[in-house]
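Visitor: Pasting a structure here, questions to come.
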Amino acid sequence: MSGAVSNTTRIGWIGTGVMGHSMCGHLLAEGYRTTIYSRTREKAAGLLERGATWADSPGAVAQSSDVVFTMVGFPADVRAVYFEPDGILAGARQGAVLVDMTTTEPTLAREIEAAARKAGASAVDAPVSGGDVGARNRALSIMIGGEPEAVDAVMPLLQILGRNIVHQGSPGAGQHTKMCNQIVIAGTMIGVCESLLYAHRAGLDTERMLQSIRSGAAACWTLENLAPRVMKGDFEPGFIVEHFIKDMGIALAEAQRMGIALPGLALVHQLYLAVQAQGHGRRGTQALMLALEHISNIRR
């Protein structure tokens, strides 16, 4: 893409799930001409009704776009949409910028960036944190890896999607930063769920308990946003258990490669595998509470 983003910049968007649908919608609302693709066309229906154009493959999206965003599920999905014969790299225009906002492997981010350069394009890894709430409210934290020129080119678009946007360094650095984020979330999630479990068994009024602890040293996003959902028995996904298991697995693999031990993360990873084994893999990450209740023989 030559120069900065303008009102004539053509956007491509691939992946219209829980977060991607809202994020793409914000770009549409700003008037950008947008071409979209999703494995399940029904998930894109609302965006098509708002004026987006459908494409039949990731490559077709790339052919029509100056900037292509991807927000899919797993590293295998990322690899497919970029590298398959009808993928983004096959259709990418000279000078295009490819922005992967999926949480995936740092090594894959670097591989995509190198392949993009060979194709005459550039690539940025820009995973996000903030879940469905952040996506809806344009309040995501965006962690960026990539060459400065490419990052600067797409920054006006990223500023539509998030509030805390930091260029972390070279290609792959955004994904490494997201692993740091997920390690913290794993620790806070088990802390919040065990706190609620303890309060229940101790006979406390959990609302009143939260009134005391949510503004002290225990304050965190998980306590503020997910604890109320747990208390209501609301386990619908803002971020899906299966995807969190994937993220923790990436972080543990990277930790092993770097020769460091992360025993806390390993424990939470095992507990989430139990959540998945109990049939809750497509529920929100707050469903960790269900596995902990099962262990303690507490029934709702």
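Visitor: Within the bounds of region 246-260, is there any residue that is in a loop (DSSP other than H, G, I, E, B) and surrounded by fewer than 18 Cβ atoms within 10 Å (Cβ to Cβ)? Write out each step before concluding.
Guide: Keep residues of region 246-260 that are in a loop (DSSP other than H, G, I, E, B), which gives 259-260.
From the residues that got through so far, the ones that are surrounded by fewer than 18 Cβ atoms within 10 Å (Cβ to Cβ) too are 259-260.
Yes; the residues of region 246-260 include at least one that is in a loop (DSSP other than H, G, I, E, B) and surrounded by fewer than 18 Cβ atoms within 10 Å (Cβ to Cβ).
Visitor: If we scan region 23-43, do we find a residue that is part of a helix (DSSP H, G or I), in contact (Cβ under 8 Å) with a residue 24 or more places away in the chain, farther than 14 Å from Asp132 by Cα and not hydrophobic (A, V, I, L, M, F, W, C)?
Guide: Yes: region 23-43 contains one or more residues that are part of a helix (DSSP H, G or I), in contact (Cβ under 8 Å) with a residue 24 or more places away in the chain, farther than 14 Å from Asp132 by Cα and not hydrophobic (A, V, I, L, M, F, W, C).
Visitor: What pairs come up if the first residue lies in region 101-119 and is surrounded by 21 or more Cβ atoms within 10 Å (Cβ to Cβ), the second is in a helix (DSSP H, G or I) and among the hydroxyl-bearing types (Ser, Thr, Tyr), and their beta carbons are under 6 Å apart, counting only those six or more places apart or on different chains?
Guide: Once the first residue is surrounded by 21 or more Cβ atoms within 10 Å (Cβ to Cβ) and sits in region 101-119, its partners that are in a helix (DSSP H, G or I) and among the hydroxyl-bearing types (Ser, Thr, Tyr) give Ile112/Tyr82.
Visitor: I need the helices (runs of 4 or more DSSP H) fully contained in region 173-226, keeping only those with at least 1 residues that are in contact (Cβ under 8 Å) with a residue 40 or more places away in the chain and touching a helix residue (DSSP H, G or I) at 6+ places or on another chain (Cβ under 7 Å).
Guide: Working: elements: 173-201, 206-213, 221-225.
Passing ranges, in order: 173-201, 221-225.
Visitor: If you don't mind, another one. Does Glu236 fit the bill of being charged (D, E, K, R), in contact with a strand residue (DSSP E or B) (Cβ under 7 Å, 6 or more places away or on another chain), in contact (Cβ under 8 Å) with a residue 24 or more places away in the chain and outside the structural domain of Ser122 (by TED's automatic domain parsing)? Walk me through how you get there before you give the answer.
Guide: Values: charged (D, E, K, R): yes; in contact with a strand residue (DSSP E or B) (Cβ under 7 Å, 6 or more places away or on another chain): yes; in contact (Cβ under 8 Å) with a residue 24 or more places away in the chain: yes; outside the structural domain of Ser122 (by TED's automatic domain parsing): yes.
It is true that Glu236 is charged (D, E, K, R), in contact with a strand residue (DSSP E or B) (Cβ under 7 Å, 6 or more places away or on another chain), in contact (Cβ under 8 Å) with a residue 24 or more places away in the chain and outside the structural domain of Ser122 (by TED's automatic domain parsing).
Visitor: Also: Tally time: how many residues in region 85-109 are over 20 Å from Ala153 (Cα atoms), within 22 Å of the chain's Cα centre (by Cα) and not hydroxyl-bearing (Ser, Thr, Tyr)?
Guide: 4
The values are calculated or read from the model by the stated rules, or taken from the named source; none is laboratory data. In this text the structure is predicted, and so the values were computed from the model without any measurement. Please note: Cβ atoms are built from the backbone with ideal geometry, for glycine as well, and neighbour counts cover all protein chains shown.
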